[in-house]
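The values are calculated or read from the model by the stated rules, or taken from the named source; none is laboratory data. Source: prediction; values computed, not measured. Because the Cβ atoms are built from the backbone with ideal geometry, glycine has one as well, and the counts that use them run over all protein chains shown.
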Amino acid sequence: MQPITEHRMGICFLLLIVGFCWAQYNPNALSGRTSIVHLFEWRWADIALECERYLAPNGFGGVQISPPNENVIITDPWQPWWERYQPVSYKLCTRSGNETEFRDMVTRCNDVGVHVYVDAVINHMCGANAGAGNHATCRSYFNAKTEDFPAVPYSALDFNDAKCKSRSGNIENYQDVSQVRNCRLVSLLDLALEKDYVRSKVAEYLNYLIDIGVAGFRIDAAKHMWPEDVKAILEKLKDLNTKWFSAGTKPVIYQEVIDLGGEPITGSEYFGNGRVTEFKYGAKLGTVIRKWNGEKLSYLKNWGEGWGFVPSDRALVFVDNHDNQRGHGAGGASILTFWDARLYKMAVGFMLAHPYGFTRVMSSYRWPRSFVNGQDVNDWIGPPSYSDGTTKPVTINADTTCGNDWVCEHRWHEIRNMVVFRNVVDGQPFSNWWDNGSNQVAFGRGSKGFIVFNNDDW
Ligand SMILES: *[C@@H]1O[C@H](CO)[C@@H](O)[C@H](O)[C@H]1NC(C)=O
Ligand SMILES: *[C@@H]1O[C@H](CO)[C@@H](O)[C@H](O)[C@H]1NC(C)=O
């Protein structure tokens, strides 16, 4: 293995000189567009409209979309948001829309300079208890018990059951690296990504999306895959569609690796493949802005790598995401969300003003929260829907806010304005920090911008 590695590194070094080798870290947004927005659970038709009427005119670089591939339709509970993380095939039909609508969205967004980033669910298929039949979003047959997914096709040979060494077949111990990567994440059938056949089917799906015109991928559950398996898939990927991207452009990759410290798997193991989601960012920023543990804004003077985060050019950052805004995934109670609107705007404003990382703004829907012993028992609820299960469109009110329970944080004027601020100060250094030793701080971005935060209660 060693000579091959050295040979590859040699090629990599040569390519680095001409600027290709590390292309998977480049967000592939138009120059001067420095943020993307996650339009969580939006319909493709609404995203196409939003690109044209709002995201392009306000300088957004792109949109992260919900998984576009076929998923199980779960009815108990009723069509939760997480059913979209239970693939049945790589056909492009979901409650967000069909393939025609998907293609129309990608074309129309690209045509106005707003790029599309796909949430790629490739670690697993549906849950082991998802049953059998055609209750999937394209009506494809599947059988979770026999691990049969003829619409791909995958069979029982393509799953990791033999490799998993936990008693239940699920991940039981996050200190055991091979369990985390070979066993089932909350019962989701774990694909055998060391097989070239499985890698090829995944790459075929991602290449199909690249040909349609997407700019890159969020790799869901990357922590639950071996970094070298992810790498082998990425090596099979094409360059981006030259209708919108210059020749030789690689898809940007940002991998979901939840690393809050305290586990053997770290984000840095995945740098060879692309960027990683820095989950410490939102958890720490929430703690500071909530003033928990006596923390103060003045502590943010060395924000970024100084706080133990991954290097800035390897980080995808966010205040909250679709998981931790409802208590799933990493971060816990400190995470700020639209439910705490005043503090949330300050957190998003700080993120967008500060040069660290590539920034993703969250755009959510409201759900009826209901706390029992501190737990939201409604954390599963899917997007605003009609009784037949179809997703409600995003309506736009006269004052430019959204209706039908879509929150549209990206349209809140403080957040929209800070997206513009970040574009204006792009490339300018962090400068002229000031604080009063407490919760009043200010800083500049070179000679282009200056911002003041007051987190005192007066
Ligand atoms: C896709 O969805 C649109 C809107 O519902 C519909 O008009 C169209 O016929 C569908 N196309 C296919 C191929 O199913
Ligand atoms: C920071 O400024 C506020 C408002 O003027 C003041 O109340 C607070 O005492 C100041 N903190 C320090 C440590 O000077």
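Among all residues of the stretch 362-376, there is at least one that is of a type in the set (Asp, Glu), under 21 Å from Leu343 (Cα atoms) and away from ligand 2 (no atom under 16 Å from the Cβ). Note on the stretch 38-57: among residues that are touching a strand residue (DSSP E or B) at 6+ places or on another chain (Cβ under 9 Å) and in a loop (DSSP other than H, G, I, E, B), the one that is surrounded by the most Cβ atoms within 10 Å (Cβ to Cβ) is Trp42.
For the residues Glu256, Glu269, Glu305, the requirement of being at pLDDT 95 or above, of a type in the set (Asp, Glu) and out of contact with any Pro (no Cβ under 7 Å at 6 or more places or on another chain) singles out Glu256. One residue is enough: does the stretch 341-349 have a residue meeting the conditions part of a loop (DSSP other than H, G, I, E, B) and at pLDDT 95 or above? Checking the stretch 341-349: not a single residue is part of a loop (DSSP other than H, G, I, E, B) and at pLDDT 95 or above. Quick check on my filter: what residues within the stretch 347-356 are out of contact with any Gly (no Cβ under 9 Å at 6 or more places or on another chain) and surrounded by 21 or more Cβ atoms within 10 Å (Cβ to Cβ)? Across the stretch 347-356, the qualifying residues are Val348, Phe350, Leu352.
For the stretch 211-229, give me each residue that is buried (at least 23 other Cβ atoms within 10 Å of the Cβ) and more than 16 Å from Phe159 (Cβ to Cβ). If the condition is that a residue be buried (at least 23 other Cβ atoms within 10 Å of the Cβ) and more than 16 Å from Phe159 (Cβ to Cβ), then Val214, Ala215, Gly216, Phe217, Arg218, Ile219, Ala222, Lys223 are the ones that fit.
Taking the stretch 357-390 as the range and being touching a strand residue (DSSP E or B) at 6+ places or on another chain (Cβ under 6 Å), assigned to a loop (DSSP other than H, G, I, E, B) and crowded, with 20+ Cβ neighbours inside 10 Å as the test, the residues that pass are Gly357, Pro383. The set of residues in the stretch 101-113 that are more than 16 Å from ligand 1 (Cβ to nearest atom) and either closer than 24 Å to Asp323 by Cβ or surrounded by fewer than 20 Cβ atoms within 10 Å (Cβ to Cβ) (or both) comprises Asp111, Val112, Gly113. For the stretch 140-168, the set of residues classified as assigned to a strand (DSSP E or B) and either of a type in the set (Ser, Thr, Tyr) or within 19 Å of Met225 (Cα to Cα) (or both) consists of Tyr154, Phe159, listed by residue number. Number of residues in the stretch 434-458 that are surrounded by 14 or more Cβ atoms within 10 Å (Cβ to Cβ), farther than 18 Å from Thr34 by Cβ and among the hydrophobic types (A, V, I, L, M, F, W, C): the value is 3. One residue alone among Asn129, Asn143, Asn134 is of a type in the set (S, T, N, Q) and either in contact with a helix residue (DSSP H, G or I) (Cβ under 9 Å, 6 or more places away or on another chain) or touching a residue at least 24 places away in the same chain (Cβ under 8 Å) (or both), and that residue is Asn129.
Cβ-Cβ contacts under 8 Å between residues 6 or more apart (or on different chains), taken from a first residue in the stretch 87-101 that is closer than 20 Å to Leu191 by Cα to a second residue that is in a helix (DSSP H, G or I) and within 11 Å of ligand 1 (Cβ to nearest atom), are listed as Lys91/Glu99; Leu92/Glu99; Leu92/Phe102. The set of residues in the stretch 227-252 being assigned to a loop (DSSP other than H, G, I, E, B) and under 20 Å from the mean Cα position of the chain (by Cα) consists of Leu237, Leu240, Lys250, Pro251.
None of Tyr117, Tyr90 is part of a strand (DSSP E or B), away from ligand 1 (no atom under 16 Å from the Cβ) and under 19 Å from the mean Cα position of the chain (by Cα) except Tyr117. Just name the residue that is nearest to ligand 1 (Cβ to nearest atom) out of those in the stretch 71-87 that are over 15 Å from Phe142 (Cβ atoms) and assigned to a loop (DSSP other than H, G, I, E, B). Per the criteria, the residue is Gln79.
Every residue, every condition in (1) hydroxyl-bearing (Ser, Thr, Tyr); (2) surrounded by fewer than 20 Cβ atoms within 10 Å (Cβ to Cβ); (3) not in a helix (DSSP H, G or I), yes or no:
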| site | (1), (2), (3) |
| --- | --- |
| Tyr254 | yes, no, yes |
| Val257 | no, no, yes |
| Gly261 | no, yes, yes |
| Ser268 | yes, yes, no |
| Asn273 | no, no, yes |
| Lys280 | no, no, no |
| Leu285 | no, no, no |
| Tyr299 | yes, yes, no |
| Phe309 | no, no, yes |
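Is it true that Asp158 is buried (at least 18 other Cβ atoms within 10 Å of the Cβ) and either among the charged types (D, E, K, R) or more than 27 Å from the chain's Cα centre (by Cα) (or both)? Yes.
Scanning the stretch 391-403 for residues that are more than 23 Å from the chain's Cα centre (by Cα) and either within 30 Å of Gly449 (Cα to Cα) or surrounded by 15 or more Cβ atoms within 10 Å (Cβ to Cβ) (or both) yields Ile396, Asp399, Thr400, Thr401. Whether any residue in the stretch 390-413 is of a type in the set (D, E, K, R), within 16 Å of ligand 1 (Cβ to nearest atom) and at negative phi is what I want to check. Within the stretch 390-413 (the criterion being of a type in the set (D, E, K, R), within 16 Å of ligand 1 (Cβ to nearest atom) and at negative phi), the answer is yes, since at least one residue qualifies. Within 16 Å of ligand 1 (Cβ to nearest atom), surrounded by fewer than 20 Cβ atoms within 10 Å (Cβ to Cβ) and not hydroxyl-bearing (Ser, Thr, Tyr): does that describe Asn98? Considered against the rule, which asks whether it is within 16 Å of ligand 1 (Cβ to nearest atom), surrounded by fewer than 20 Cβ atoms within 10 Å (Cβ to Cβ) and not hydroxyl-bearing (Ser, Thr, Tyr), Asn98 comes out as yes. Considering only residues in the stretch 172-206 that are part of a helix (DSSP H, G or I) and polar (S, T, N, Q), the one that is surrounded by the fewest Cβ atoms within 10 Å (Cβ to Cβ) turns out to be Ser178.
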